[in-house]
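Below is one structure, written out as structure tokens; comments come after it.
The values are calculated or read from the model by the stated rules, or taken from the named source; none is laboratory data. All figures in this text were calculated on a predicted structure; none of them were measured in a lab. Please note: Cβ atoms are built from the backbone with ideal geometry, for glycine as well, and neighbour counts cover all protein chains shown. These accessible areas exclude ligands, DNA and RNA; they are computed on the full protein's heavy atoms, side chains included. Shrake-Rupley method; radii C 1.70, N 1.55, O 1.52, S 1.80 Å.
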Amino acid sequence: FDDATKEKYIPHCIEPSLGVDRLILALICSAYAEDEVGGEKRNFLKFHPSIAPVKVSVLPLVKNKEALVKVARELYESLSLRWNVAWDATGAVGRRYRRADEVGTPFCITVDFETIEDDA
């Protein structure tokens, strides 16, 4: 209450500072998402592809077949020339997709036996 004007006012503050740390925090907060699968809550990031730190994950279907790994590694190396790309060949392919979701990777490429047969 202002005694001089006999009016009520609500104080407010505008903070015009902007820094890299605040910008990154805002991006992470806006990308944060949760889903529930089988009663279990899972956290992941949904970055827009233009701001995602990792653009693509390359996943060979299995790591013990040299032909699959070779094609996947070549694809990884060619994509790495232009974008930040992740390579993941450990564990089941479903878990690898889940790990890519957790860090906000917008695209995943799985190299399977059909890729080799079709020379795609």
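Can you pull out the residues in the range 75-100 that are part of a helix (DSSP H, G or I) and under 12 Å from P53 (Cα atoms)?
If the condition is that a residue be part of a helix (DSSP H, G or I) and under 12 Å from P53 (Cα atoms), then A100 is the only one that fits.
If you take the residues in the range 70-84 that are touching a residue at least 24 places away in the same chain (Cβ under 8 Å) and closer than 14 Å to F113 by Cα, which one is surrounded by the most Cβ atoms within 10 Å (Cβ to Cβ)?
Filtering the range 70-84 for residues that are touching a residue at least 24 places away in the same chain (Cβ under 8 Å) and closer than 14 Å to F113 by Cα, the one surrounded by the most Cβ atoms within 10 Å (Cβ to Cβ) comes out as A72.
Would you call E34 out of contact with any Phe, Trp or Tyr (no Cβ under 7 Å at 6 or more places or on another chain), at pLDDT 85 or above and over 23 Å from F107 (Cβ atoms)? Show your work before the answer.
Working: out of contact with any Phe, Trp or Tyr (no Cβ under 7 Å at 6 or more places or on another chain): yes; at pLDDT 85 or above: yes; over 23 Å from F107 (Cβ atoms): no.
No: the conditions fail for E34.
Please work out which residue is surrounded by the most Cβ atoms within 10 Å (Cβ to Cβ), limiting yourself to the range 7-36 and to residues that are of a type in the set (G, A, S) and part of a helix (DSSP H, G or I).
My answer is A31.
So, in the range 88-100, exactly how many residues are in contact with a Lys or Arg (Cβ under 9 Å, 6 or more places away or on another chain) and buried (at least 16 other Cβ atoms within 10 Å of the Cβ)?
So the count comes out to 2.
Name the one entry in V103, V111 that is in contact with a Pro (Cβ under 8 Å, 6 or more places away or on another chain), buried (at least 16 other Cβ atoms within 10 Å of the Cβ) and either of a type in the set (F, W, Y) or at pLDDT below 90 (or both). Give the steps one after another, and end with the answer.
On the way: V103 fails: buried (at least 16 other Cβ atoms within 10 Å of the Cβ).
Answer to the selection: V111.
Search the range 48-59 for residues that are on the phi > 0 side of the Ramachandran plot and part of a loop (DSSP other than H, G, I, E, B) and pair each with any residue that is open to solvent by less than 70 Å² (accessible area, probe 1.4 Å) and charged (D, E, K, R) when their beta-carbon atoms are under 6 Å apart and the residues are at least 6 apart or on different chains.
none
What are the residue pairs meeting all of these: first residue in the range 32-46, first residue at negative phi and among the basic types (K, R), second residue part of a strand (DSSP E or B) and open to solvent by less than 60 Å² (accessible area, probe 1.4 Å), Cβ atoms under 6 Å, and 6 or more apart or on different chains?
R42/D35; K46/A33
More than 15 Å from V111 (Cβ to Cβ) and either modelled with pLDDT of 90 or more or not aromatic (F, W, Y) (or both) - does that describe any residue in the range 65-78?
Within the range 65-78, none of the residues are more than 15 Å from V111 (Cβ to Cβ) and either modelled with pLDDT of 90 or more or not aromatic (F, W, Y) (or both).
Any residue at all in the range 37-55 that is hydrophobic (A, V, I, L, M, F, W, C) and modelled with pLDDT under 85?
Within the range 37-55, one or more residues are hydrophobic (A, V, I, L, M, F, W, C) and modelled with pLDDT under 85.
Please specify each residue of the range 37-60 satisfying the condition of being touching a strand residue (DSSP E or B) at 6+ places or on another chain (Cβ under 9 Å) and crowded, with 17+ Cβ neighbours inside 10 Å. Outline the logic, then answer.
From the range 37-60, those touching a strand residue (DSSP E or B) at 6+ places or on another chain (Cβ under 9 Å) are 41-46, 49, 52, 54-60; that's our starting set.
Selection gives F44, L45, A52, K55, V56, S57, V58, L59, P60.
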